[in-house]
Amino acid sequence: MIADDPPVWVSKRRQPQRVRAAGRYDPRIPRATYDAAVSYGQRIGVLLDAIYDACPDGEASPEHLGRLSPAHRAVFVVEWAMSEIYNGTLDQYFFNSAGDMAADLPAAARFLGADDYAAIFDDAVAFFDPSRITDRSYRQARLRELEEAHRPDELGEVNDRIYELEDAGRIIYRQICEYIDDHSGVFFRDSPPV
């Protein structure tokens, strides 16, 4: 059984050994490496390491991510968002460079079968002008506008819905890992292609 513990950086359990990606723009790893991880967060962390390894100079830029499979991009976008959200709420996600991919977040969550999270991400992204959401300066200014208009609690209420889902047992990392297990040929170089 896999533990439902917090994101990779919070876990005090043994971290899996880092395994390199199959090649440039090919972040597939051996299935045994993934299976050796003791939590959902660690399993996703192993895949993230491979995504970074597969990108030139370890830079997971939008250009480089665009050359990966849609499944790998979706895992990266959702995990990066959740890392920021767990560390400091949606506010932090939109304030930091992770928010540069906010326009892709709802679709990435849907792609991975996390429709309940996608609905929350749709509501969060709706606080921003969709044509400008990739601009970090704009997002930061918009967060200040919400603060000055005494509306920061509205985004906080959207954030609270994430924790309500988790309290109800709908853990996004479990959903992502279920997707990965169902599409193993995309993620593991020793699994049959999908």
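Coordinate-derived values only; no laboratory data. Just so it is clear, the model here is predicted, and its values are computed rather than measured. Here the Cβ is made from the backbone with ideal geometry for all residues, glycine too, and neighbour counts use every protein chain on show.
How many nm is it between the label spots at Arg31 and Ala107, if each spot is 7 Å from the Cα in line with the beta carbon?
Between Arg31 and Ala107, the simple spin-label model gives 3.1 nm.
Could you work out the relative contact order of the range 8-187, using alpha carbon pairs under 8 angstrom and six or more residues apart, expressed as a whole percent?
Reported as a whole number, the value is 20 percent.
Leu143: net charge of surrounding residues, Cβ under 14 Å, Lys/Arg +1, Asp/Glu -1, itself excluded? Let's see the in-between values first.
Details: positive: Arg132, Arg136, Arg139, Arg142, Arg144, Arg151; negative: Glu84, Asp91, Asp129, Asp135, Glu145, Glu147, Glu148, Asp153, Glu154.
That sum, taken over residues with Cβ under 14 Å, equals -3.
Mind jotting down the distance between the C-alpha centroids of the range 47-112 and the range 115-170, whole Å?
Taking the Cα centre of the range 47-112 as reference, the centre of the range 115-170 is 16 Å away.
What's the FRET efficiency of Asp123 with Ser69 using the Cβ-Cβ distance as r and R₀ = 30 Å, to the nearest 0.05?
0.60
As a footprinting exposure proxy, order Asp123, Asp35, Asp57 by other Cβ within 10 Å, with the fewest listed first.
Asp57, Asp35, Asp123
Quick check: residue separation of Asn87 and Glu145 times 0.36 nm, minus the Cα distance between them. What number comes out in nm? Show your work: numbers first, answer last.
Values: separation 58, 0.36 × 58 = 20.88 nm, distance 2.24 nm.
Length gained between Asn87 and Glu145: 18.6 nm.
Please arrange Ser97, Ser39 by how many other C-beta atoms lie within 10 Å of their C-beta, fewest to most.
Going from least to most buried by this count: Ser97, Ser39.
Could you tally the net charge around Ile85, taking each other residue with its Cβ under 12 Å from the Cβ of Ile85, Lys/Arg +1 and Asp/Glu -1?
Surrounding charge for Ile85 is -4.
Once you put a point 7 Å from the Cα of Glu157 and another 7 Å from the Cα of Arg24, both along the Cβ direction, what distance in nm separates them?
Distance between label points: 5.0 nm.
With a 10 Å Cβ neighbour count serving as the proxy for reagent exposure, in which order, fewest first, do Asp129, Asp135 appear?
Final ranking by Cβ density, sparse to dense: Asp129, Asp135.
Between 0 and 90 degrees, rounded to the nearest ten: what's the tilt of helix 172-182 against the longest Cα principal axis of the chain?
Its long axis makes an angle of about 40 degrees.
Which value, in debye to the nearest 20, describes the size of the charge dipole of the chain about its Cα centre when Lys and Arg Cβ atoms bear +1, Asp and Glu Cβ atoms bear -1, and nothing else is charged?
Values: 22 positive and 34 negative charges, 193 e Å.
Computed about the Cα centre, the dipole is about 920 debye.
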